[in-house]
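Asker: Please read through the structure below; I'll follow up with questions.
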């Protein structure tokens, strides 16, 4: 997909602002999980938080892969950086798939969430320190790209993920 040319509303967030806000939100959720991990009897809260982390990160990666990454890849010409980001997403998706099959209290549940958080932290740092500056320097239309990404994000959030349905079906 090429760079978006749509007009964005005044005051609308650009693509990097949207992704940075997602990064901040997910980091906060992982911090909250670490606090819950240290408390006894918090399995229900941990499960709900991990479900939210998985949903948020899945939507985030999808809008990156559908819109942001193709535009940035075309603009910056750094296939190594973009390939690494794709592989990091694949690793995170694998951990999310494993977590979707688990319940809090299962062996390695907390460890998998912790590793997912560490992987996401590393990924976020690379995006913010390397990819975002290159995207800005390439003079992408980040406002139009942000409008496109926000619209897609809202669509994805409205349709929901199978994660919640799968979990509810396994409880029934």
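The values are calculated or read from the model by the stated rules, or taken from the named source; none is laboratory data. Quick caveat, the model's predicted, so the values are computed rather than measured. Note: ideal-geometry Cβ built from the backbone for every residue, glycine included; neighbour counts use all protein chains shown.
Asker: Check residue 12 against each of (1) surrounded by fewer than 18 Cβ atoms within 10 Å (Cβ to Cβ); (2) more than 19 Å from the chain's Cα centre (by Cα); (3) over 17 Å from residue 144 (Cα atoms); (4) in contact (Cβ under 8 Å) with a residue 24 or more places away in the chain and name the one condition it does not meet.
Answerer: Here residue 12 meets the rest and fails (3).
Asker: Just a yes or no: is a residue in the range 48-65 under 21 Å from residue 129 (Cα atoms) and either in contact with a strand residue (DSSP E or B) (Cβ under 6 Å, 6 or more places away or on another chain) or outside any helix (DSSP H, G or I) (or both)?
Answerer: No, because not a single residue in the range 48-65 is under 21 Å from residue 129 (Cα atoms) and either in contact with a strand residue (DSSP E or B) (Cβ under 6 Å, 6 or more places away or on another chain) or outside any helix (DSSP H, G or I) (or both).
Asker: Oh, and also: If you take just the helices (runs of 4 or more DSSP H) that sit entirely in the range 66-144, which of them hold at least 2 residues that are surrounded by 13 or more Cβ atoms within 10 Å (Cβ to Cβ) and under 13 Å from the mean Cα position of the chain (by Cα)?
Answerer: Output list reads 79-100, 109-126.
Asker: What residue, among those in the range 156-172 that are modelled with pLDDT of 85 or more and within 15 Å of the chain's Cα centre (by Cα), is surrounded by the fewest Cβ atoms within 10 Å (Cβ to Cβ)?
Answerer: 157
Asker: Surrounded by 17 or more Cβ atoms within 10 Å (Cβ to Cβ), part of a helix (DSSP H, G or I) and at pLDDT below 95: is that true of residue 35 in this structure?
Answerer: No.
Asker: Do we have residue 24 as modelled with pLDDT under 95 and surrounded by fewer than 18 Cβ atoms within 10 Å (Cβ to Cβ) here?
Answerer: no
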